[in-house]
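Peer 1: Just passing along the structure, written as structure tokens.
The values are calculated or read from the model by the stated rules, or taken from the named source; none is laboratory data. As the structure is a computational prediction, the values presented were derived from the model and not from experiment. Cβ: placed from backbone, ideal geometry, glycine included. Neighbour counts: every protein chain shown. Accessible surface is based on the protein model in full, side chains and every heavy atom, while ligands, DNA and RNA are left aside. Shrake-Rupley method; radii C 1.70, N 1.55, O 1.52, S 1.80 Å.
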Amino acid sequence: MITPEVPQNKSQYSPMAKSSVRNKPFSCFSDGFLYLGGALLAFLLVWSLWSYTVPHSFEPRGSTKSATNDARTQQCVQENPAVNLGYDPPDQTFYDDQELSYSIERPMKNWDEKRKEWLKRHPSFAPGARDRVVLVTGSQSKPCKNPIGDHLLLRFFKNKVDYCRIHGYDIFYNNVLLHPKMSSYWAKLPVVKAAMLAHPEAEWIWWVDSDAMFTDMEYKLPLRRYDYRNHNLVVHGWEKLIYKEKSWTALNAGVFLIRNCQWSMDFMEKWSGMGPMSSEYKKWGPIQRSVFKDKLFPESDDQSGLIYMLYQDKGLMDKIYLEGEYYFEGYWADIVPTYDNITEKYTELEKEDGKLRRRHAEKVSEQYGVFREPHLKEAGNGKGSWRRPFITHFTGCQPCSGDHNQIYHGETCWNGMVKALNFADNQVLRKYGFVHPDLLDSGTVTETPFDYPDDGPW
């Protein structure tokens, strides 16, 4: 800024002009004012440029901008879910075929192509389809004869719901016969076929009997193992017992995992042909007993039928995986007495490794199963192992009818179920801050302190 010159000739002053002595302070004041004004202007210019380039992290509560951003965020979440449950295009699919039948009696053809086409028209379901599982279970439509049967079945079902919620599986509970002749142990096949048609988005349908429960809530199905050689059916069993010992207990058909594909449709059609809906049903019981001498009852059953098909055609082993490396399902009488020792072993692991006992959201439970796995290398699998059994199956106990196998005492079955249910429930309740201190006392829980089980006399 240029300052005004002071005139040298006094005649140049007006009558009202101040003397040069008095004008000097005013000049200094003006210079200071102009300097401050310029600095302020420069500051405002810099601040305005900064405000456009740097995002503000603090918005007044209830401001229009904040509300708009929140609305946009919610809109994005609603419009772009992982799976779009609100979209079913008008294009025709197999569901529009008037000849489509869900009945086990009517064969399904070209299912692989139909399912593939459905996924193509519902693209949001395609990602993750390879690992998508629907668990199917059920019971009879009438109340149980056993006074505590309905209560036990409710708790068995809750256990399955807990497991599916933790691992992101869908679940379907059926309590009606989908074929009037296919009752008892044969009732599962019509339900499984219907579930395949109802869930083309799922790669696997997982049947689990009503009297089987999950007792390792962290463990997840090793699906890649079954993909390796394109197996389509997984059951717990042993090849030696089929082909050498010819035993009807060579496998257990109460829990099986079956791929949602044409091979499975064809296989179930043959399998159900040994059941009560078939005109040849009566001949199959004697045939099965002629091969499997330890078969207890005369009529044809689903388990003996499955073993017989494997016995007659060993080529089926290319598609059927006999899982014996872990308790895909395990005999309860062998397992229940081990729960106390397993609890102690897992408690010791958590005391040694703080990562395992860290509190966490239920939604991320699978990660803690992965953390635990290195500690279980020496635990073993199956009988004699101190690893949590994946599924405990109360075969022979008949919780609904109460007509248990006479080799067991009724109280042994019921108490075993209560202990198993609470053993599993503790693994769920831990995420909610509580545990059952006594596995035989379902009604009592205690709150877990911080850093449980390291803190306190557990």
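Peer 1: Relative to the compact globular guide of 2.2 N^0.38 Å, what is the alpha carbon radius of gyration of the stretch 98-332, as a ratio?
Peer 2: Values: Rg = 17.6 Å, N = 235, 2.2 N^0.38 = 17.5 Å.
Relative to the rule-of-thumb radius for its length, the stretch 98-332 sits at 1.00.
Peer 1: Separate question: May I have the pair-distance distribution P(r) for the stretch 378-450, computed from all Cα-Cα distances with 10 Å bins from 0 and rounded to whole percent?
Peer 2: Binned Cα distances yield the sequence 18, 36, 34, 11, 1.
Peer 1: Out of the trypsin sites (Lys or Arg not before Pro) in the stretch 329-386, which ones are loop residues according to DSSP with at most 13 other C-beta atoms within 10 Å? Numbers along the way, then the final one.
Peer 2: Details: sites: K345, K351, K355, R357, R358, R359, K363, R372, K377, K383; in loops: R358, R359, K377, K383.
Answer by residue number: R358, R359, K377, K383.
Peer 1: How many nm separate the modelled label positions at K282 and V370, each set 7 Å beyond the Cα in the direction of the Cβ?
Peer 2: Modelled inter-label distance: 5.8 nm.
Peer 1: Calculate the spin-label point distance for Y95 paired with E447, positioning each point 7 Å from the Cα along the beta-carbon direction, and give it in nanometres.
Peer 2: Those two pseudo-labels are separated by 4.7 nm.
Peer 1: Can you work out D for the stretch 250-296 in µm² s⁻¹ from Stokes-Einstein, where Rh is the Kirkwood radius over C-alpha pairs, the temperature is 37 °C and the viscosity is 0.692 mPa s? Spell out each step's value before the answer.
Peer 2: Values: Rh = 12.5 Å.
Approximately 263 µm²/s, per Stokes-Einstein.
Peer 1: Once label points are set 7 Å from the Cα along Cα→Cβ at both Q406 and E269, what is their separation, rounded to one decimal in nm?
Peer 2: A separation of 4.3 nm, rounded to one decimal place.
Peer 1: Go through 103-109, 310-316, 429-435 and give me the packing order, highest mean Cβ count within 10 Å leading.
Peer 2: Values: 103-109: 15.1, 310-316: 13.4, 429-435: 16.9.
Sorting 103-109, 310-316, 429-435 by mean packing, highest first, produces 429-435, 103-109, 310-316.
Peer 1: When only DSSP loop residues count, what GluC sites (Glu not before Pro) in the stretch 338-381 have their Cβ near at most 15 other Cβ atoms within 10 Å? Before the final figure, lay out the partial values.
Peer 2: Values: sites: E344, E348, E350, E352, E362, E366, E378; in loops: E378.
Passing sites in the stretch 338-381 are E378.
Peer 1: Within the stretch 174-239, report the chymotrypsin sites (Phe, Trp or Tyr not before Pro) that DSSP leaves as loop and that have at most 13 other Cβ atoms within 10 Å.
Peer 2: Details: sites: Y185, W186, W204, W206, W207, F214, Y219, Y226, Y228, W238; in loops: Y219, Y228, W238.
Here the sparse-neighbourhood loop sites are Y228.
Peer 1: Give the Cα extents of the stretch 366-405 along the principal axes, in whole Å, largest first.
Peer 2: Its Cα atoms span 42, 23, 8 Å along the three principal axes.
Peer 1: Moving on. First compute the accessible area of the stretch 98-332 with a 1.4 Å probe, then give the percent of it belonging to carbon and sulfur atoms.
Peer 2: Numbers: 5570 of 10410 Å².
That fraction is 54 percent.
Peer 1: Which translational diffusion coefficient, to the nearest whole µm²/s, is obtained for the stretch 329-391 from the Stokes-Einstein equation, given a Kirkwood hydrodynamic radius over C-alpha pairs, 20 °C and 1.002 mPa s?
Peer 2: On the way: Rh = 12.7 Å.
Translational D for this selection: 169 µm²/s.
Peer 1: Stokes-Einstein D for the stretch 83-238 at 37 °C, 0.692 mPa s, Kirkwood Rh over Cα pairs, in µm²/s?
Peer 2: Diffusion coefficient, whole number: 188 µm²/s.
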